[in-house]
Amino acid sequence: MEFVAKSDDLTTSKTHCLAVGVFTNRRLSAAAARIDRKTRGLIKRVLHNGDIKGNVGQTLVLQSPPGIAAERILLVGLGGHTEVAAPDFQRAIAAAARTINASASTNVVSALAEVEIAGADLAENIELQVIGFDRGSYRFGEFKAGRGSNASVIRRVTINADKTAVDAVRDAIKVGKAIAGGIRFARDLGNRPANHCTPTYLAECALEMGKQHNSLKVKVLDQAQMEKLGMGALLSVARGSRQPPKLIVMQYHGADAKQAPIALVGKGVTFDSGGISIKPAAAMDEMKFDMCGAASVFGVMQALVELALPINVVGVVPATENLPDGNATKPGDVVQTMSGKTVEILNTDAEGRLILCDALTYCREFNPDVVIDIATLTGACVVALGHHASGLMCADDALANALLAAGNATFDRAWRLPLWDDYQKELDSNFADMANVGSRHGGAITAACFLARFTTDLRWAHLDIAGSAWISGKDKGATGRPVPLLLEYLRQRAAV
Ligand code: BES
Ligand code: MN
Ligand code: ZN
């Protein structure tokens with residue numbers, strides 16, 4: 001999908017579809033009012049008939065409007081406030097995109113740059129439009145008839161703006177496209193079935209990215225190298241799989257090499273069967289999404305390159321399958337982590353923390369300023385927070401607040417859970433330095449407590465995205481979260 005900035009007369013611009021905003025109580029946006037006059041009151045008549053109320057998320061296509069060059073008008077409901085709330089605006093845009101994609105319109109002119117957004121400027125309006133259009137146009141059709149049908153119906157979106165604003169719109173489009181591209185990349189990787197999206201596939205993706213961009217250095221550690229480093233916990237998860245594990249390292253250099261990087265560590269379990277502690281069959285297919293933390297790191301790295309942010313970021317992705325076989329790790333097995341600490345594996349389904357603990361230890365190599373791990377770590381987090389919030393566990397208030405703020409700003413929200421030492425005793429083991437699971441209670445927190453044992457003296461935050469990384473049911477698919485949160489945090493870091 002291509003985005004262009006233009007300053008045209010909306011009444012004469014030839015397009016398949018002209019998108020204009022309408023509000024509740026039959027209120028028209030400025031562009032809608034102009035088009036209404038040219039079409040001899042068409043829009044007002046439609047609003048009067050009540051076919052569209054103007055609520056956020058409502059859309060209506062008007063075919064063959066008289067008096068203007070556009071083939072269709074798309075009315076986009078923006079709600080009751082002249083200053084539209086930013087999340088509502090993005091939702092309205094995504095709904096508009098879905099409606100247009102269901103028509104035969106391959107090009108669109110958006111007259112929505114004029115919409116006032118609460119607490120946001122023109123650049124943010126445009127970013128929201130680009131991200132919203134891209135989100136609403138997303139499809140994953142690679143494995144359906146007519147392969148390669150990831151392409152949306154919409155090919156070009158022309159954002160109309162005042163002559164004086166066209167340059168600013170063009171710049172904001174670039175930013176919006178970079179963010180939207182990162183989200184899209186994360187969704188694509190998440191949705192890709194596990195027989196295609198293997199650890200090796202992820203490694204190849206990273207190497208390919210590294211080849212394409214000078215600012216990105218990529219290396220992939222194989223099993224032998226991980227053995228040398230003593231990553232016994234990570235390797236214990238891979239034992240039952242025929243797919244070789246990979247440790248993927250992506251270094252983005254946007255600032256002076258001396259500047260300490262921000263490390264992003266993403267859980268990359270490309271399929272989680274539970275291992276010997278095997279999961280029930282229902283919805284097990286969704287465990288292909290168990291690499292969505294890794295996918296978010298990939299999405300962020302790609303967007304960083306496009307945005308050319310002046311910071312250093314290192315992405316670390318431990319990638320493996322978790323499967324049962326004769327060689328698989330068994331409940332009761334004790335392994336030694338890279339840190340030297342030993343772990344009694346009481347449940348092979350608590351594998352995320354096993355691969356993350358070694359990846360977290362490994363990332364000390366980069367002397368990171370901040371470490372953030374992103375993981376579909378626990379079903380308990382879904383029980384606690386449902387699907388709207390990611391779980392955030394972090395002992396550093398300033399870092400926690402910065403991440404919460406970034407989530408709020410991008411409607412990719414997180415909610416903080418405690419990370420108190422009181423929970424640590426759950427992990428006591430009779431046979432090793434710690435067990436890999438606690439009791440049934442507070443499972444999201446004990447998982448974080450396990451990781452905390454490997455991040456002492458690091459400024460570290462843990463995002464449990466088990467509830468937010470994908471949607472189940474009819475619209476099953478990866479959401480691309482928390483790419484928006486992470487990119488916002490990094491943009492804020494780059495701005496100071
Ligand atoms: N990948 C799962 C977590 C998960 C489960 C995410 C369901 C989303 C939906 C993780 O590896 C896991 O299996 N965790 C266990 C931990 C337990 C054994 C302590 C869980 O949550 O049941
Ligand atoms: Mn598991
Ligand atoms: Zn898992």
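The values are calculated or read from the model by the stated rules, or taken from the named source; none is laboratory data. Everything quoted here is computed from the prediction, not taken from an experiment. Neighbour counts are summed over all protein chains in view; Cβ atoms, including those assigned to glycine, are modelled from backbone coordinates with ideal geometry.
If you check every pair at least six apart or on different chains, which have Cβ atoms under 7 Å apart with a residue in the stretch 41-65 that is closer than 19 Å to P87 by Cβ first and a residue that is modelled with pLDDT of 95 or more and acidic (D, E) second?
V56/D88
Of these, F289, F271, F298, which one is touching a Phe, Trp or Tyr at 6+ places or on another chain (Cβ under 7 Å), within 16 Å of ligand 2 (Cβ to nearest atom) and touching a residue at least 60 places away in the same chain (Cβ under 8 Å)? Spell out the reasoning first.
Details: F271 fails: touching a Phe, Trp or Tyr at 6+ places or on another chain (Cβ under 7 Å); F298 fails: within 16 Å of ligand 2 (Cβ to nearest atom).
Going through F289, F271, F298 in turn, the sole match is F289.
Does the stretch 104-123 hold any residues that are assigned to a loop (DSSP other than H, G, I, E, B) and among the small types (G, A, S), and which are they?
If the condition is that a residue be assigned to a loop (DSSP other than H, G, I, E, B) and among the small types (G, A, S), then A104, S105, A111, A113, A118, G119, A120 are the ones that fit.
Taking the condition of being away from ligand 3 (no atom under 14 Å from the Cβ) and surrounded by fewer than 24 Cβ atoms within 10 Å (Cβ to Cβ), how many residues in the stretch 372-395 meet it? Please lay out each step first, then the result.
Applying the first criterion (away from ligand 3 (no atom under 14 Å from the Cβ)) to the stretch 372-395 yields 372, 383-395.
If we keep only those that are surrounded by fewer than 24 Cβ atoms within 10 Å (Cβ to Cβ) as well, we get 383-389, 395.
Total meeting the criteria: 8.
Check V157, V169 and return the single one that is over 25 Å from P368 (Cα atoms) and not in a helix (DSSP H, G or I).
Details: V169 fails: not in a helix (DSSP H, G or I).
Testing whether each residue is over 25 Å from P368 (Cα atoms) and not in a helix (DSSP H, G or I) leaves just V157.
Would you mention how many residues in the stretch 240-284 are more than 20 Å from V371 (Cα to Cα), within 16 Å of ligand 1 (Cβ to nearest atom) and either of a type outside the set (V, I, T) or surrounded by 24 or more Cβ atoms within 10 Å (Cβ to Cβ) (or both)?
Selection size over the stretch 240-284: 16.
Considering (1) buried (at least 21 other Cβ atoms within 10 Å of the Cβ); (2) part of a loop (DSSP other than H, G, I, E, B); (3) not small (G, A, S), say which one F185 fails and leave the rest.
Result: F185 fails condition (2) only.
Given the residues R459, R440, which is the only one that is within 16 Å of ligand 1 (Cβ to nearest atom), basic (K, R) and assigned by TED's automatic domain parsing to the domain that holds P261?
Working: R459 fails: within 16 Å of ligand 1 (Cβ to nearest atom).
Selected residue: R440, the only one of R459, R440 that is within 16 Å of ligand 1 (Cβ to nearest atom), basic (K, R) and assigned by TED's automatic domain parsing to the domain that holds P261.
Test V130 against the stated conditions and say whether it is among the β-branched types (V, I, T), touching a residue at least 60 places away in the same chain (Cβ under 8 Å) and touching a Ser or Thr at 6+ places or on another chain (Cβ under 7 Å). Spell out how you get there, then give the answer.
Working: among the β-branched types (V, I, T): yes; touching a residue at least 60 places away in the same chain (Cβ under 8 Å): yes; touching a Ser or Thr at 6+ places or on another chain (Cβ under 7 Å): no.
Judged against the criteria, V130 is not a match.
When you check K279 against the structure, is it within 15 Å of ligand 3 (Cβ to nearest atom) and either closer than 19 Å to K476 by Cβ or not in a strand (DSSP E or B) (or both), yes or no? Let's see the steps before the verdict.
Details: within 15 Å of ligand 3 (Cβ to nearest atom): yes; either closer than 19 Å to K476 by Cβ or not in a strand (DSSP E or B) (or both): yes.
For K279, the condition - within 15 Å of ligand 3 (Cβ to nearest atom) and either closer than 19 Å to K476 by Cβ or not in a strand (DSSP E or B) (or both) - is met.
Is it the case that the stretch 425-446 has a residue that's over 16 Å from I374 (Cβ atoms), among the hydroxyl-bearing types (S, T, Y) and surrounded by 17 or more Cβ atoms within 10 Å (Cβ to Cβ)? So that I can check it myself, show each step before the final result.
First pass over the stretch 425-446, keeping only residues over 16 Å from I374 (Cβ atoms): 425-443, 445-446.
Filter once more, keeping what is among the hydroxyl-bearing types (S, T, Y): 429, 439, 446.
Then drop every residue that is not surrounded by 17 or more Cβ atoms within 10 Å (Cβ to Cβ), which leaves 446.
Yes.
Quickly run through the stretch 127-153 and pick out the residues that are more than 18 Å from I100 (Cα to Cα) and either in a helix (DSSP H, G or I) or in the same structural domain as D475 (by TED's automatic domain parsing) (or both).
The answer is E127, and nothing else.
Would you check which residues across the stretch 341-368 are surrounded by fewer than 22 Cβ atoms within 10 Å (Cβ to Cβ) and either within 16 Å of ligand 2 (Cβ to nearest atom) or hydrophobic (A, V, I, L, M, F, W, C) (or both) and list them?
L346, N347, D349, F366
Strands (runs of 3 or more DSSP E) wholly in the stretch 6-89 with at least 1 residues that are outside the structural domain of R135 (by TED's automatic domain parsing), surrounded by fewer than 18 Cβ atoms within 10 Å (Cβ to Cβ) and within 30 Å of the chain's Cα centre (by Cα) - which ones?
Once the strands (runs of 3 or more DSSP E) in the stretch 6-89 are filtered for at least 1 residues that are outside the structural domain of R135 (by TED's automatic domain parsing), surrounded by fewer than 18 Cβ atoms within 10 Å (Cβ to Cβ) and within 30 Å of the chain's Cα centre (by Cα), nothing remains.
Mind listing just one residue for me: the one in the stretch 318-343 that is among the hydroxyl-bearing types (S, T, Y) and assigned to a loop (DSSP other than H, G, I, E, B) and, of those, nearest to A432 (Cα to Cα)? Talk me through it step by step, then tell me what you get.
Step one: filter the stretch 318-343 for residues among the hydroxyl-bearing types (S, T, Y), giving 320, 329, 337, 339, 342.
After this cut, where a residue has to be assigned to a loop (DSSP other than H, G, I, E, B) as well, the list is 329, 337, 339.
On the way: T329: 15, T337: 11, S339: 14 Å.
Only one residue fits best here, namely T337.
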